[in-house]
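Quick notes on the structure that follows.
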């Protein structure tokens, strides 16, 4: 039975330690899954993934070996789930294939500001029940793959900006959620619901 969630969350200053701790506790509170914590995607090279349902990445790291990237590709491509949070799209910038998996690459952000996450017209039912909500955080901008399905968007310079998206990758599923620069964001009840629904979506 695939019931383990591998949570990769080590960092120095960013993302924040309290935010990473809050997300760990949120995942652990979902009793259908067993939380396994890891410091890096390099852990995949020596890990038995046969009982792992999904990976959660809340990291800001620079390097990713070809072996670890290959293992990630194989895991998701063969039916595993991947949930990326905040700086997951700003990590591993020299590994182009990593962004083909997660669906987008960080291209910049403005100051920490309040912005509203609004469900899009094509939102999945599980996300639709959350409704619109506001956080104070970094609003990331991305270079995105064309096949992502945007679940929530915000407005930046009078234009819609994707902030939560989903996509298929091979036999697997991927979800990305942008907020997470501030610890307080990870305690926002609506955003926590988005995270849980995103995790449920990628393991189904």
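Relative contact order of the chain, please, whole-number percent, based on alpha carbon pairs below 8 angstrom and at least 6 residues apart. Intermediate values should be presented prior to the final figure.
Values: 438 pairs, mean separation 47.4, N = 204.
In percent, rounded to a whole number, it is 23.
Expressed as an acute angle from 0 to 90° and rounded to the nearest 10, what is the orientation of the C-alpha long axis of helix 66-77 relative to the principal long axis of the chain?
Computed tilt is about 70 degrees.
Going by alpha carbons, how many degrees (0 to 90, nearest 10) lie between the helix axis of 189-203 and the longest principal axis of the chain?
Computed tilt is about 40 degrees.
I need the peptides 34-41, 10-17 ranked by packing, meaning the mean over residues of other C-beta atoms within 10 angstrom, with the highest value on top.
Result, highest mean Cβ count within 10 Å first: 34-41, 10-17.
So how tilted is helix 17-29 from the main axis of the chain? Cα-based, degrees 0 to 90, rounded to 10.
70 degrees
From the C-alpha gyration tensor of the stretch 1-88, pull out the three semi-axes of the equivalent ellipsoid (sqrt of 5λ each), sorted largest to smallest, in whole Å.
Equivalent ellipsoid of the stretch 1-88: 19, 18, 9 Å, largest first.
Over all pairs of distinct alpha carbons, what does the Kirkwood formula give as the hydrodynamic radius of the chain, in Å? List each step's numbers first, then the result.
Working: mean 1/r = 0.0601 Å⁻¹.
Mean inverse Cα-Cα distance, inverted, gives 16.6 Å.
Most exposed first by the Cβ proxy, i.e. fewest other Cβ within 10 Å, how do 100, 42 rank? It would help to have the intermediate numbers written out before the result.
Numbers: 100 13, 42 17.
Taking fewest neighbouring Cβ atoms as first place, the list is 100, 42.
Output the relative contact order of the stretch 109-156, whole-number percent, from Cα pairs under 8 angstrom with separation of 6+ residues.
That works out to 54 percent.
Under a 10 Å cutoff between Cα atoms, tell me which one of 83, 44, 57 has the largest fluctuation in the Gaussian network model of the chain.
Sorting by GNM fluctuation, first place goes to 44.
Since every read-out is calculated from the coordinates, none of them should be taken as a lab result. From a predicted model like this one, the values you see are computed outputs, not experimental measurements. Backbone-built Cβ (ideal geometry, glycine too); neighbour counts: all protein chains shown.
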